[in-house]
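Enquirer: The structure's right below; bear with me while I get my questions together.
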Amino acid sequence: MREMYFCELKDNLSLKTGQVTIKLATPDDAERIFDLLLMIEEFDTLNRNSADHVRQKLEDQSGRIYFIENEKKEVICTAQTAAENSKSAMVVSVATRKDYRRQGLMTQVLSKLCQDLLNEQKTLCLFYDNPEAGAVYHKLGFKTIGKWKMIVRQP
């Protein structure tokens with residue numbers, strides 16, 4: 001059982017802009033994005049995701065993925081949505097490679113994702129259980145609206 005915080009974002013008052021190039025993913029980026037997700041210890045990616053799943057999300061537009069890449073074209077930071085509809089979207093799979101953390105990359109990619117969705121008049125929501133990530137979400141204007149307990153099946 002995991003205790004998670006549920007947050008929402010309704011305005012762009014605390015979003016940040018930066019100097020880094022943020023890209024909107026296409027299906028051709030799916031492998032590189034999945035490669036990053038495999039590196040993230042907190043994600044149980046192998047059991048619930050695949051590069052094909054990432055590609056399918058992009059092809060059927062059930063979500064969007066923003067990312068930052070390094071000079072080697074490796075994806076080093078990403079933020080995604082799922083369950084997008086005309087009124088809202090859930091932020092998921094926010095990740096940064098360990099060797100690129102604490103540089104403000106997550107703040108920038110998440111701000112870009114959120115700004116674009118807010119411009120479409122959508123409310124954003126997310127779950128988190130990592131206090132360090134939660135601090136970034138709150139700094140960007142996400143407000144905690146509840147706590148949830150999730151039962152997670154172990155392999």
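The values are calculated or read from the model by the stated rules, or taken from the named source; none is laboratory data. These numbers come from a predicted model, not from an experiment. Note: ideal-geometry Cβ built from the backbone for every residue, glycine included; neighbour counts use all protein chains shown. These accessible areas exclude ligands, DNA and RNA; they are computed on the full protein's heavy atoms, side chains included. Shrake-Rupley method; radii C 1.70, N 1.55, O 1.52, S 1.80 Å.
Enquirer: Among the residues that make up region 27-41, is at least one of them under 13 Å from the mean Cα position of the chain (by Cα) and open to solvent by 40 Å² or more (accessible area, probe 1.4 Å)?
Expert: no
Enquirer: Sticking with this structure for a sec: Sort through G134, G146 and tell me the only one that's open to solvent by less than 100 Å² (accessible area, probe 1.4 Å), touching a Phe, Trp or Tyr at 6+ places or on another chain (Cβ under 7 Å), small (G, A, S) and assigned to a strand (DSSP E or B).
Expert: The conditions single out G146.
Enquirer: Determine which member of the set V92, V20 is touching a helix residue (DSSP H, G or I) at 6+ places or on another chain (Cβ under 9 Å) and either open to solvent by 60 Å² or more (accessible area, probe 1.4 Å) or not in a helix (DSSP H, G or I) (or both).
Expert: Answer to the check: V20.
Enquirer: Name the one entry in L126, L110 that is touching a residue at least 12 places away in the same chain (Cβ under 8 Å), under 20 Å from F6 (Cα atoms) and either open to solvent by 40 Å² or more (accessible area, probe 1.4 Å) or not in a strand (DSSP E or B) (or both).
Expert: L110
Enquirer: If you take the residues of region 61-75 that are farther than 23 Å from A89 by Cα and touching a strand residue (DSSP E or B) at 6+ places or on another chain (Cβ under 9 Å), which of them is most open to solvent (accessible area, probe 1.4 Å)?
Expert: Looking at the filtered set, the residue picked out is E69.
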